[in-house]
Structures are given as structure tokens and as C-alpha cells.
Amino acid sequence: MRAVDLIRKKRDGQELTSEEIAFLVKGYSEGQIPDYQMAAWAMAVYYQGMTARETADLTLAMAGSGDTIDLGSIHGIKVDKHSTGGVGDKTTVVLGPLVAACGVPVAKMSGRGLGHTGGTIDKLEAISGFSVELGKEQFFRQVNEIGLAVVGQSGNMTPADKKLYALRDVTATVDSIPLIASSVMSKKIAAGADAIVLDVKTGSGAFMKTLEDSIRLAKAMVDIGTQVGRRTVAVISDMDQPLGHAIGNALEIQEAVATLRGEGPTDLEEVCLILASHMLILGGKAADEEEAHTMLTAQIKNGEAMEKLKQMVSAQGGNTEQIDHPELLPTAELKVDVKATGSGFVESIQAEEIGIAAMMLGAGRETKDSVIDLAAGVELLKKIGDPVEVGETLAVLHFNPSHEAGRVEAERRILNAYGISGTKVPTRPLVFALVTPDGVKRF
Ligand code: URA
């Protein structure tokens, strides 16, 4: 078999066999197929697409390219959750404890942030002492004892995806539905959960900008999950503006803690409750969304969800005082208001621009090796639909003197990110559709 023949075959719109896909993935991860050939193949896929069978084969080949986790020693149905990425997305920190408090074990591996999107692992490290690296035995024991652990991804999980994703990032081939679907699902399959809830973001801050493309992506992932025997559902949720008000690691932990106390922003709370409801249904603890919703809100009201977060923080060496008193989390020395230059109603907030602004203040990484400032970030005081007067504060920049240089550019980006309309703006739905193996339900 030769890579050049497989590139040509895909370029000409033909379907590759399972053996041909396995040959490409193995050859690329072992270094026999060079970047330029894999890039040409990815571009051919970008234009020609892949069949459901090819996408499933690519997923399985990448899932099997490194370590796979067997969660068999954890009791109960293990349900994982994955977001396709967004700005201000701290849902894992909220729904992990919530779902665990309802009796569904959560054994979660999360990532770090890169570029304008944040990562759960960085957020949790804002809690002093919190360790995101547990040995396998400790990870399993903790989930069996308290029902919840969130750790960083094992170093050698899905190395083929890691390599291909980095290549796609620099060859304009990220936004291909079969390539995203196989990338996400290969990681989920390798991580070993029995069931998977996908949060597929749609809108300006997401990979998929339109609802129809987001539904196509969701269907591709649900199909893969179903084919490999993992019960999978996907919620299509809004990323036309950041989720909640806080962007930045410690700021987001504060907001997640407030949400677990029942005092969080309504958009964040609602998205968390919807995702968590599907986790309870797949985990066999609730028959439908209504029952799940009642169970989840009870865990917020009776304090059990908060208690679960504290148990996890304590088990992973973190300072629970910072959960009881979030003002003890790292705070930035400087706070600067970004003021509106016009009056009207907030019509749009370009999530990606806000994410980049937070990164320029030190909250995110420009390269894999950048050191992040856990206290830095952006707090949005105005969201879509809110009335605004000229001179009113739209957002607050949180940063330390070491990032003073990023402040002007961050301020400019935030002002550009806000669209202000002269007329009242209808609020957007938070959730647009649910995709299950049975079909698509639009709301
Ligand atoms: N997230 C992933 O893990 N992979 C993609 O290709 C896109 C988003």
C-alpha cells in the first residue's frame, strides 16, 4: 500500500477500506508517512468528506493508537461528557459534582486550554494544591469512594489524534465534520466510559458556526458512539457569546462554585442542568429530563453538590477553604473597566475575541509551553439582550502588572467584540437541539 494512492483515491471522492485507513493512521503515528502526505490526505477529506463507515474506522484506529483506559473496576455506569470547546465553559466543574451527588460515578479526563479556549485542568489548578495527576489506582479508588475525580489526560492517549490535530491546526483542515467527529470520539472511546454526553457548541465562538453544521457534527459523533456500543447523545448549545460572565481560571472556579450554591448565572446553570440531566438518564438514575432536573436541583438546594466538589478538592490535595471562601482564590492586582462607546442593547458578543483578550491578559496559552496567570481574565457585566448606556461598564479586565502590555489590545478586542443595536434584541435560546440515536429533536 502507498500513501500517495490513498490520497489520490480520497481526492477523487472514493471510499477508503478499513485496512487503508488503518495503514494511514499507523504509518502517520509511527513516522513512516510524513506530514506533507497526511496534510494532503486531510485536505482531500476536507473537500470529499468520509462515509459513516470510514469515520468510524478512523476513530477506532486513532482510539487504539495509544493507551486505553479500562474503567471496569469502577462500579456503576460511567458517563463521560465532552464539550467541543468554547469560551467561559466551566460546565465540568459544576456538573461533575452535581451528577456524582446523584449517584452516577464521574471518572473524567479533561484537557488544558490552548489559544482562545480554556481547559478544565487549568481551571482546577487555580485551587491551591489541587493535583490533576493521579496514578491509575488512586483515580479508580477515588471514584469508587466519593464518585468523582477529574484528572489530566494520560500522556500517551490517542497519540495519532494528537499528531493529526496539530497538523490540521496549521493546514486549515480543523473544521471538517468527519475529522472533528473522529478526533473527539477517539478520545472518548479511549477514556473508557460506558456512555457519553456531548455538548456540541454552535455559533460565532464555536467550530461549527451554523446550527445545521452543528447538527451534522453531532449526528456523526452519535453514530460513531452507537456503532461502538457506547450510548451517546449530543446537546447542541449556544456559543454565540461566552457562557456565564467569567472567563479566566480562578474567575471561572468562583463562578462554578456560585452555580453549585444556586447563585450562578442562569445561562450557565441551565446548560449544566440540561447536560447533567442527560448524564443521569444515561447513567440509569433518572427516567426522563423532568425527573433528572428535580434530582439535580435538590442536590444544589441541600448542599450535597457543593459537598461533593469539596470532597473531590480535598481528595486531590486542594484547599477546600477556597471553595468555602472563593475570595481566597488567586486574584489579580489590577482591574480595569471597559466602557461602552454607544448606547442601545447588546446584540452580539464575539466569544472568540473575548477569549483572545483573556489570553492576552495572561489567562490562556499562546503556545503549549506558555505559563498562565491563574488570576487573570475577563468578567462580562453585559450579555446579549442587556440594555447599555454610553460610558457604562461592559466588562472588567483582571490582570497583573506583568501583563500590562496586553491591556490596550485586550480592551480594543473587547470593544470590537460587542455589537450594540439601537433596538431591543431578542434573547437567543441556550439549547437548540438534542441528537440521539433515534433522531434529532429541535427546540
Ligand atoms: N476538539 C477536538 O478534540 N478535536 C477536534 O478536531 C476539534 C475539537
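For V106, the residues whose modelled amide H falls within less than 5 Å of its own, excluding neighbours fewer than 5 places apart on the same chain, are L148, A149. Under 5 Å between amide hydrogens, built in the peptide plane, is the criterion, and for I33 it picks out Y28 among residues at least 5 positions away or on other chains. For K26 and Y47, the FRET efficiency from 1/(1 + (r/R0)^6), where r spans their Cβ atoms and R0 equals 30 Å, is about 0.80.
Which whole-number percent gives the relative contact order of the chain, counting Cα pairs below 8 Å spaced six or more residues apart? Write out the running numbers ahead of the final one.
Numbers: 965 pairs, mean separation 84.0, N = 443.
Relative contact order for the chain comes out at 19 percent.
Cross-link reach is defined here as a Cα-Cα straight distance under 30 Å, omitting same-chain residues fewer than 8 places apart; for K382 the lysines meeting it are K81, K90, K123, K201, K209, K301, K335, K339, K424.
Add +1 for every Lys or Arg and -1 for every Asp or Glu among the other residues with Cβ under 12 Å from the Cβ of D213, and state the total. Before the final figure, lay out the partial values.
Values: positive: K201, K209, R216, K219; negative: D175, E212.
Cβ neighbours under 12 Å give a net charge of +2.
Scaled against the 2.2 N^0.38 Å expected of a compact globular protein of N residues, the Cα radius of gyration of region 148-255 reads 1.15.
Pull out a ≥ b ≥ c, the square roots of the eigenvalues of the alpha-carbon gyration tensor of region 264-350, then state rounded if a/c is under 1.5, prolate if not and a/b is larger than b/c, and oblate in the remaining case. It is oblate, given that a/c is not under 1.5 and a/b is not larger than b/c.
Could you give the semi-axes, largest first, of the ellipsoid that matches region 135-189, computed as the square roots of 5 times the alpha carbon gyration tensor eigenvalues and rounded to whole Å? Each step should come with its number before you reach the end.
On the way: eigenvalues 185, 27, 13 Å².
Equivalent-ellipsoid dimensions as semi-axes: 30, 12, 8 Å.
Angle of helix 91-101 to the longest C-alpha principal axis of the chain, folded into 0 to 90 degrees and rounded to 10: 90°. Would you mind checking the tilt of helix 351-360 against the longest principal axis of the Cα atoms of the chain, expressed as 0 to 90 degrees and rounded to 10? Relative to the chain, helix 351-360 is tipped by roughly 80 degrees.
Phi angles across region 282-294 convert, under the Karplus curve 6.51 cos²θ - 1.76 cosθ + 1.60 with θ = phi - 60°, into 3J(HN,Hα) values of 5, x, x, 9, 9, 7, 8, 5, 5, 5, 4, 4, 5 Hz, Gly and Pro given as x. Toward the positive end of the charge dipole of the chain, with +1 on the Cβ of Lys and Arg and -1 on the Cβ of Asp and Glu, the farthest Cα among Q48, M109, L381 is that of Q48.
With no solvent and one equal point scatterer per Cα, compute the Debye intensity ratio I(q)/I(0) for region 244-300 at 0.21 Å⁻¹ and report its log10, rounded to two decimals. Here the Debye-derived log intensity ratios amount to -0.76. The share of Cα pairs per 5 Å bin across region 378-443, counted from zero up to the longest distance, runs 3, 12, 18, 16, 12, 11, 10, 9, 6, 3, 1 percent. Residue ranges 96-102, 318-324 sort as 96-102, 318-324 when ordered by packing (mean number of other C-beta atoms within 10 Å per residue, highest first). Helix 18-29 and the long axis of the chain differ in direction by around 60°, with both axes built from C-alpha atoms.
Each semi-axis of the equivalent ellipsoid for the chain is √(5λ) with λ an eigenvalue of the Cα gyration tensor; in descending order they amount to 34, 27, 22 Å. Every helix of 4 or more DSSP H residues in the chain counts as -39500 (n - 2.57), and over all residues that averages to -13500 deg cm²/dmol at 222 nm. Annotation note: GluC sites (Glu not before Pro) in region 322-382 located in DSSP loop regions with a Cβ neighbour count of at most 16 within 10 Å are E333, E366.
Please compute, over every Cα-Cα pair in region 323-433, the percentage with a separation greater than 20 angstrom.
Working: 2771 of 6105 pairs.
So the portion of pairs separated by more than 20 Å is 45 percent.
Converting phi to 3J(HN,Hα) with the Karplus coefficients 6.51, -1.76 and 1.60 and the offset θ = phi - 60°, region 380-387 yields 8, 8, 10, 10, 4, x, 6, x Hz in sequence order, with x at every glycine or proline. The H on the amide N of G111, modeled in the peptide plane, is under 5 Å from the matching H of T120, I121, each at least 5 residues off or on a different chain.
Tell me which GluC sites (Glu not before Pro) from region 1-100 have a DSSP coil assignment and no more than 16 other beta carbons within 10 Å of their own.
E15, E30
For the options G76, G135, G344, a Gaussian network treatment of the chain with springs between C-alpha atoms closer than 10 Å singles out G135 as fluctuating the most. Please build a GNM for the chain, connecting alpha carbons under 10 Å apart, and tell me which residue among V174, V425, V143 fluctuates the most. Between V174, V425, V143, it is V425 that shows the largest mean-square fluctuation.
Bridgeable aspartates and glutamates around K163 (alpha carbons under 17 Å apart, same-chain partners fewer than 8 residues away excluded): E30, D35, D67, D175, D369.
Phi angles across region 260-266 convert, under the Karplus curve 6.51 cos²θ - 1.76 cosθ + 1.60 with θ = phi - 60°, into 3J(HN,Hα) values of 5, 8, x, 10, x, x, 5 Hz, Gly and Pro given as x.
Rule-based calculations on the coordinates, nothing more; no lab input. All values derive from a computational prediction rather than experimental measurement. Glycine also receives a Cβ, built like all others from the backbone with ideal geometry; neighbour counts cover every protein chain displayed.
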